[in-house]
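The values are calculated or read from the model by the stated rules, or taken from the named source; none is laboratory data. Keep in mind that this is a model prediction, so the values were computed, not measured. Counting neighbours? That spans all protein chains shown, and the Cβs are built from the backbone with ideal geometry, glycine included.
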Amino acid sequence: MELRVLRYFAETAKEGSMTNAALKLHVTQPTLSKQIKDLEDELGQKLFVRGNYKLRMTAEGEILYKRAVDILDMVDMTVSEFSSMKDFNGGNLYLGCAESEGIALLAKAAKQLREEYGNLYFHLYSGNAETVCQRLDKGLLDFAFVVQNIDLSKYEYLDLPVADKWGLIMRKDSPMVSKTSVTVEELIGLPLIVSRQGPTSEMPQWLKKNYSKLNIAATYDLIFNASVLVKEGLGYALGFDRLVNTGADSVLCFRPIEPEITSPMRMIWRKEQKFSKAAGIFLGKVTELCK
């Protein structure tokens, strides 16, 4: 299986159209069609079915697409690392990011390094700890910024001087808005919108023990999407402060949990990881900013 053909397949899958994919790849449609057919013959599986208006991947095609994206990302990352080895003046950094105000520290490091190395590029992958760590484990990320207390046995890590405060994001016309804080006991009975990962290790034992009693209306991966559900009146989002607009011009507000619950942030990387020049410089800068 050639990488070129794998790129052809991935672009066709992304576009859902042989015509559009051929234009982006700068090849003729018959050439692209033949390459896809040859790939199907090589794998012994049909990868696409034709619909009325666009191509649709088969179940086998979806499996290959997921693998192809990871393989091509790894190839691009490797090529980038080697191209910057000789005369370093930049490179590419691949970073996994949790939703947290603490990402401001990453941004500060990136800005300072860009001023020194004009050809340094940052590629951010956002997601929860589970999805970010999966990419880190596969070698698709240089570092990950996480806020959950994950198993650190296979990672090196740097504690960052930031922590996020937990609370409820609610509409300003909510019956709970008159309160300055919300106790964990008051969460029972409220229609809650919670992280898909469930209770974190930072939450009080009482909340984890009674998690099954909560009235969970919806789950989320990204807090912005949860805030839209709150705006529409679906319920109260349990999440971090300062990630969505809860200012005077917003219909939303934030009330902290009592007693206070905070989640620390860490930057993690694989043990015995061999750093590219760009990754080593980035680690040094973040370490400097943490002092």
What about Asn215, is it more than 22 Å from the chain's Cα centre (by Cα), at pLDDT below 95, exposed (fewer than 15 other Cβ atoms within 10 Å of the Cβ) and of a type in the set (S, T, N, Q)?
-> yes
Residue that is nearest to Phe275 (Cα to Cα), among those in region 72-94 that are modelled with pLDDT of 75 or more and surrounded by fewer than 18 Cβ atoms within 10 Å (Cβ to Cβ) | Thr78
Determine, yes or no, whether Leu252 is farther than 27 Å from Glu156 by Cα, surrounded by 15 or more Cβ atoms within 10 Å (Cβ to Cβ) and either modelled with pLDDT under 95 or among the hydroxyl-bearing types (Ser, Thr, Tyr) (or both).
-> no
Residue that is surrounded by fewer than 16 Cβ atoms within 10 Å (Cβ to Cβ), at negative phi and more than 25 Å from the chain's Cα centre (by Cα), where the choices are Glu185, Glu156 = Glu185
Flag for Val69 being at pLDDT below 90, surrounded by fewer than 14 Cβ atoms within 10 Å (Cβ to Cβ), within 24 Å of Glu11 (Cβ to Cβ) and not acidic (Asp, Glu) = no
Residue tally, condition among the polar types (S, T, N, Q) and either more than 21 Å from Gly91 (Cα to Cα) or crowded, with 20+ Cβ neighbours inside 10 Å (or both), over region 262-291 | 3
Yes or no: Tyr125 under 14 Å from Gly96 (Cβ atoms) and in the same structural domain as Leu283 (by TED's automatic domain parsing)?
-> yes
Does Lys24 meet the test of being more than 19 Å from Leu72 (Cα to Cα) and either among the charged types (D, E, K, R) or surrounded by 13 or more Cβ atoms within 10 Å (Cβ to Cβ) (or both)?
-> no
